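In what follows, a structure is listed as structure tokens, so that the remarks can point back to it.
The values are calculated or read from the model by the stated rules, or taken from the named source; none is laboratory data. The shown structure was predicted, so the numbers you read here are calculated from the model rather than taken from an experiment. Cβ atoms come from the backbone with ideal geometry, glycine included; neighbour counts cover every protein chain shown. Quick note on the areas: whole protein, heavy atoms, side chains included, nothing else; ligands and nucleic acids left out. Shrake-Rupley method; radii C 1.70, N 1.55, O 1.52, S 1.80 Å.
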Amino acid sequence: MDLLTEYGGGLRNDGRRGHELRKIRCRLGVFSQSDGSAYIEQGNTKVLAAVYGPRPVRNKQIKVHGSVLINFQYSMAVFSTGERKTRPRGDRKTSEISLQLRQAVSAAIMTEVHPRSQIDIFVEVLQADGGNFCACVNAATLALIDAGIPMREYVVACSASLAGDTPLVDISHLEETLGGPNLTVAALPLSGKVAVMELSQKLHLDHLPRVLDCALKGCADIHAILDTAIKQHLIKVAGARGLGKKFHLGQQTQNKLKNDKEEEEEEDDEMSKKDVEMITL
Amino acid sequence: MLTSKTFLKKNKRGNVLKIVREHYLRDDLSCGSELCDECDSKEAILEKVPTSNSKQYTVPHYLLLDTNIILQQIDALEEPTLCNIVVIQTILQEVKHRSSSVYKRLKDLITNPNRKFYVFVNEHHHETYVERNPGESINDRNDRALRRVATWYEEHLSSHVRVILLTEDVRNRDLATGEGLLSCSIASYISQLTNGEPLLDKLSKIDAAVETSVKDSLYPLHATPTEIHAGIKSKTFLQGSFQASRENFLEGQVNCEGYDKPILVQGRDGLNRAIDGDTVAVRLLPEDQWSAPLELVLEDEGNMEDDEGGEEGKELMKKKSVPVAERRPTGQIVGIIKRKWRQYCGILQANPMAGSSRHLFVPAERKIPKIRVETRQIATLSTQRIVVAIDSWPRHSRYPQGHFVRALGPIGDKDTENEVLLLEHDVPHSKFSDLVLSYLPQMPWTITDEEVSRRSDLRHLDVCSVDPPGCTDIDDALHCRPLDNGNLEVGVHIADVSHFIKPGTPLDDEAALRATTVYLVDKRIDMVPGLLSGNLCSLRGNEERLAFSVIWELTEDARIVDAKFCKSVIRSRAALTYEQAQLIIDDPSQQTSIATSLRGLNRLAKILKKRRMDNGALVLASPEIRFHMDSETHEPLEVVAKKMRETNSMVEEFMLLANITVAEKIFHEFPDNAMLRRHPVPPPANFEPLQHAAKRQGFELNVSTGKDLATSLDLAVKPDNPYFNTMLRIIATRCMLQAVYFSSGMVQQSDFHHYGLAAPIYTHFTSPIRRYADIIVHRLLAACIGADATYPALLDKKASTALCYNLNYRNRQAQYAGRASVALHTHLFFRSRVQDEDGYVLYVRKNALQVLIPKYGLEGTLFLRCDSPGVSWTYNEKEQCQSCGNVVFHSFDPVTVQLSLDRSNVQHEKLVLKLVRPVIDGYSVPSVGNNTQDDDVDMVGEKNEAEAGGTEKEQGDCDQPETKKRKKKNKKNK
């Protein structure tokens, strides 16, 4: 199987073109216990994130002065892949991803605002279909915002690959296994800073700028989607609290939101059904 | 962003594993018709008003193909008659899955702009995607998808242009007609075309009721795939590849993995329709039914209507009780796991019943059975060499069914025979397609200043090239100049082919497929288009060219101080021939910079050569000859052995040095995926014939290491027989294994050794114009020095191993083709001649002498027959000699033989050898001078016919360092 077929103007295996993201759906505030929570779907990759804190440092041994202690835990559900498999917590692979995730969010969180306290972030991959790391970063961003933790800006992650001369954005599991380099970037899209960057395979330096640009473009696109989702969520929450129109929004955005709302509502129904399923699982 | 957001699931069940994949449907996919103005017109391929040659369907229409049509009728589709064809993605994937060769041919058709094939991406089109219904088979679903596309096109083009669905599947056709679509089979479509007549012959004939009829079936039923699977699992069946016997068409063997001896299969039932190369399932017979190979030659003399089983079969049935000692494991083929059919060259054997359209085809390859074909063009085709493909082999038919693919030309014509040998050796030799040629640089081509600034400018150096006369693809040039510190600077400049052939382009794919330039006696099959090989890459004299340079600093005694690599621009001062270069070196009055440069090179080369020999490099020999051709008729006039000059060896040494230096560099930088070349150490058992032969002449050969062998070969000289040493070397060459390309990550480093050259590491760098391996090495080296980018396939161990496999295969085939071409020309040469020649006995066999004739470099078998009165041969196995009366033949004895060509079999002309001296009454023939018309062809049809360049020749073949190429290049110089 090829990463990119030449017919139909160059289509990937799932019917996307090189620069197209998978469908993203997300929700904020899915749990009431935690201080902030979010659920995100990027194609078939589904991730749940919960944020606790800032709260006093639990483990008295660890002393961090002047900045907040970030504890990031990554885990995958036993049913997240095709094969059901118990996944031990704290193994090498998970720890590595946890560390990288912590690095990514640390770049965005204003750590100096809450000295001598800690923030716990838990992400659980419910279904894995490529780009787990990216979905986790995006879910954590949403959950942190939901928790009201001060951040410099969103941290958004996206992966990219290269098929021949065409860069591909947002790599699915199938594309990951088909070979080709896999570049994962967590970026602060507004300032254009890169928080984490990882490349899974040898890639000639000459190709890197193109692939990186592609991944950054993907980050910017995802940022726009997340931003809309958060604003929409805020309107909902604000409306419920009677703040309604006072919430400041540009005229244009409001119109756009109105249009999108109708579409989204149908999906929301579907989503809430899914939430129920998930919780029973 | 996404235009259509409908989200669907696609399940794929394999190992009780559920895989869920996303599947996006789009609304921006084009229908590909010029008629339509809704869709993206950039992709429009199908004509607005397709012309219809059809009598039945007079409306303009496009054709929609089903998988079965493509798989079975690709030969017919390749004819330019049918145009404006829609192939849907579903079908394309199915074809790819079922047959990669057909897929490749289909892709060629799709890329050909004249044929107007359009690939419609139905699976991602929001209106043509169909979901598989519960309980529906995948085939039914695909058929439905096809009909859905047909319906959609009809609606989309609002019936201005109709769509005709071509399928062989009756059910699909009925369903399509039911839905109001036009549908028919390809045979009925072609038969009503006004210009369809020549296409009819090319249609493949598949019998629908293949395995059903029990009555008058000649062969046992094949086991079903599930039965075979179960059988192999339970070990009642064995899986292996079937090899037909060359001599006996009712015998063959199956080489099974995990079963050390090949399993013998005999008789029609035993062979059960297997064809050479097929992967088969075989059932071992009980031990008391085991048998031995029959020592007779059986040729299938069967005619068309002779379907009674024949007498040979019966004869085989009453098995003589074979002595237990000779018995071999015997089995019966119960099923075919995978067919390995290809297209076969051969001639037609006309049906004795005049006017019949069914004929038998006799393939040139003796291992392949005759094939039934149907054609109405027998009158023209019976005198031609033709190509035929097998379609099926039903139970009731004695021969497989096939169809005519194309004619090559009249039998016996040199061009036709060349074509045959290229086809039979699987050498891709078609013209380069327009797509490939479109990737060539635009002419007139010049080196831009930008390009120069990126490279080292070596135009000031006095570089020259030394090649055989008439060479047009000059891929190496040299220079040598003294440095201030007393050392010498030596540069080898290789044509920078990788600058023109970029990875992943069709040009690159084509070159990778061809792998090597094939040199025939009168023809060269280029690996890259002529513009590159003969002009832009070729380092011609006094022209600026791009090169990849290796530059050493060497001390006076040829030790390397430093080596560097760079992409460069050079201007060769002169393109010399070996002879010219030799003259310049030898003439002391010449004091030009080129002359001093050449002398310096020559001096260093001698030191390098000596050092290499001291390390144990072998000097091997194989009889090489060249033909002098008539410039008008291109018939061979004269045969001469080739000559070696000092300058040959000079160029050779520096090429070896460059190759080794580059090999070290790329292996150092890319330990996992460097493309290298190794020559394995032959197992000691291989040397036994050589040692025996030498021992009988009183020489002891030490074969424990390459160095020992080289020394003892040097010592084995007989003053009275100057050719003795050469013959020993010829035999030694045949003991060797083949040198192969490999990817460094796949082989232990201790196995990198090149035995023939006595080098610990080796690669090919110096001939990128004619070898693809060199292009890969160039790319690797360019990546090492930062001159070029890498790409995934270059760094992928598996991909490069697969590439190596193809390169090795093509190289081998190219060598065989080259030899076959020499054999062909030898035959042409002897067509009008009967000649006496001196030769030497190379081997003594039970019933024959293997005779080598140095003048023609050919080897033939002289059969020793005892049918004349007073002639009886005694074979002494211990002494390895044959005697008749007081005449005794040992190996290496000189003989005189008479050569003539036996043309009684048009497909297999063979050289016949007859003894002239020493004279044996009743056996030897008089010398040609007083030879009357001698029609005695009693050697015809014997086992092991004297074929010049027999099979043994093919075993030992390794790198004769670079010389081969130079010699071969000679040949094309008519």
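I'd like the residue in the stretch B:662-686 that is farther than 21 Å from B:THR801 by Cβ and assigned to a loop (DSSP other than H, G, I, E, B) and, out of all such residues, is most open to solvent (accessible area, probe 1.4 Å). Out of the qualifying residues, it is B:VAL681. Scanning the stretch B:435-463 for residues that are in contact (Cβ under 8 Å) with a residue 24 or more places away in the chain and not in a loop (DSSP other than H, G, I, E, B) yields B:LEU435, B:VAL436, B:LEU437, B:GLU451, B:VAL452, B:ARG454, B:SER456, B:ASP457, B:VAL463.
Return a yes/no flag: does the stretch B:116-132 have any residue that is touching a Cys at 6+ places or on another chain (Cβ under 6 Å) and either acidic (Asp, Glu) or in contact (Cβ under 8 Å) with a residue 24 or more places away in the chain (or both). For the stretch B:116-132, residues touching a Cys at 6+ places or on another chain (Cβ under 6 Å) and either acidic (Asp, Glu) or in contact (Cβ under 8 Å) with a residue 24 or more places away in the chain (or both): present.
Within the stretch B:448-470, the set of residues being within 16 Å of B:ARG573 (Cα to Cα) and out of contact with any strand residue (DSSP E or B) (no Cβ under 6 Å at 6 or more places or on another chain) comprises B:HIS460, B:ASP467.
Within the stretch A:132-158, the set of residues being closer than 24 Å to A:LEU203 by Cα and open to solvent by 20 Å² or more (accessible area, probe 1.4 Å) comprises A:ASN132, A:PHE133. Can you say whether B:TYR762 is of a type outside the set (D, E, K, R), in the same structural domain as B:ARG678 (by TED's automatic domain parsing) and under 30 Å from B:TYR840 (Cα atoms), as far as the supplied structure shows? So B:TYR762 fails the test. With respect to the conditions (1) assigned to a helix (DSSP H, G or I); (2) more than 33 Å from the chain's Cα centre (by Cα); (3) modelled with pLDDT of 80 or more; (4) not charged (D, E, K, R), B:ILE731 lacks only one, and its number is (2).
Residue-by-condition table, conditions (1) touching a strand residue (DSSP E or B) at 6+ places or on another chain (Cβ under 6 Å); (2) in contact (Cβ under 8 Å) with a residue 24 or more places away in the chain; (3) more than 14 Å from every other protein chain (Cβ to nearest Cβ):
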residue	(1), (2), (3)
B:ASP751	no, yes, yes
B:ARG770	no, yes, yes
B:ALA773	yes, yes, yes
B:ILE785	yes, yes, no
B:PRO792	no, no, no
B:LYS797	yes, yes, no
B:CYS804	yes, yes, yes
B:ARG810	yes, yes, yes
B:TYR816	no, yes, yes
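Scan the stretch B:584-609 residue by residue and report those that are part of a helix (DSSP H, G or I) and over 14 Å from B:GLU652 (Cα atoms).
B:ILE584, B:ILE585, B:ASP586, B:SER593, B:ILE594, B:ALA595, B:THR596, B:SER597, B:ARG599, B:GLY600
Among residues belonging to the stretch A:159-187 that are open to solvent by 10 Å² or more (accessible area, probe 1.4 Å) and in a strand (DSSP E or B), point out the one that is nearest to the other protein chains (Cβ to nearest Cβ). The qualifying residue nearest to the other protein chains (Cβ to nearest Cβ) is A:ALA163.
With respect to the conditions (1) open to solvent by 30 Å² or more (accessible area, probe 1.4 Å); (2) under 20 Å from B:GLU510 (Cβ atoms), B:SER767 falls short on a single one, namely (1).
Kindly check whether there is at least one residue in the stretch A:188-201 that is surrounded by fewer than 19 Cβ atoms within 10 Å (Cβ to Cβ), within 13 Å of chain B (Cβ to nearest Cβ), assigned to a loop (DSSP other than H, G, I, E, B) and without any contact (Cβ under 8 Å) to a residue 12 or more places away in the chain. For the stretch A:188-201, residues surrounded by fewer than 19 Cβ atoms within 10 Å (Cβ to Cβ), within 13 Å of chain B (Cβ to nearest Cβ), assigned to a loop (DSSP other than H, G, I, E, B) and without any contact (Cβ under 8 Å) to a residue 12 or more places away in the chain: absent.
Selection of the stretch A:23-42 for residues being surrounded by fewer than 23 Cβ atoms within 10 Å (Cβ to Cβ) and within 14 Å of chain B (Cβ to nearest Cβ) yields A:LYS23, A:ILE24, A:ARG25, A:GLU41. Residues in the stretch B:392-411 that are open to solvent by less than 20 Å² (accessible area, probe 1.4 Å) and not basic (Lys, Arg): 10 in all. Any residue that is within 30 Å of B:LEU25 (Cα to Cα), basic (Lys, Arg) and within 14 Å of another protein chain (Cβ to nearest Cβ) - is there at least one of those in the stretch A:43-56? Within the stretch A:43-56, one or more residues are within 30 Å of B:LEU25 (Cα to Cα), basic (Lys, Arg) and within 14 Å of another protein chain (Cβ to nearest Cβ). Taking the stretch B:234-299 as the region of interest, the strands (runs of 3 or more DSSP E) fully inside it that hold 1 or more residues being in contact (Cβ under 8 Å) with a residue 24 or more places away in the chain, under 20 Å from B:TYR219 (Cβ atoms) and β-branched (Val, Ile, Thr) are B:251-256, B:263-266, B:279-284. On inspection, B:VAL518 qualifies as open to solvent by less than 40 Å² (accessible area, probe 1.4 Å), in the same structural domain as B:LEU803 (by TED's automatic domain parsing) and within 14 Å of the chain's Cα centre (by Cα). Considering only residues that are over 19 Å from A:GLU124 (Cβ atoms) and touching a Ser or Thr at 6+ places or on another chain (Cβ under 7 Å), which ones fall in the stretch A:139-154? Residues satisfying the conditions are A:GLU153, A:TYR154. Tallying residues that are facing chain B (nearest Cβ under 8 Å) and outside any loop (DSSP other than H, G, I, E, B) within the stretch A:6-20 yields 4. Residues that are under 16 Å from A:THR45 (Cβ atoms) and outside any loop (DSSP other than H, G, I, E, B) within the stretch A:61-89 comprise A:TYR74, A:SER75, A:MET76, listed in sequence order.
Mind counting the residues in the stretch B:873-892 that are open to solvent by 40 Å² or more (accessible area, probe 1.4 Å), in a loop (DSSP other than H, G, I, E, B) and at pLDDT 75 or above?
2
Output the residue which, of all residues in the stretch B:556-572 that are more than 24 Å from B:HIS778 (Cβ to Cβ) and touching a residue at least 24 places away in the same chain (Cβ under 8 Å), is farthest from the chain's Cα centre (by Cα).
B:GLU556
For B:ALA274, the test of being assigned by TED's automatic domain parsing to the domain that holds B:TRP393, open to solvent by less than 30 Å² (accessible area, probe 1.4 Å), among the hydrophobic types (A, V, I, L, M, F, W, C) and at pLDDT below 85 is failed. Among the candidates B:ILE386, B:ILE378, the residue that is open to solvent by less than 50 Å² (accessible area, probe 1.4 Å), free of Cβ contacts under 8 Å to residues at least 40 places away in the same chain and out of contact with any Pro (no Cβ under 9 Å at 6 or more places or on another chain) is uniquely B:ILE378.
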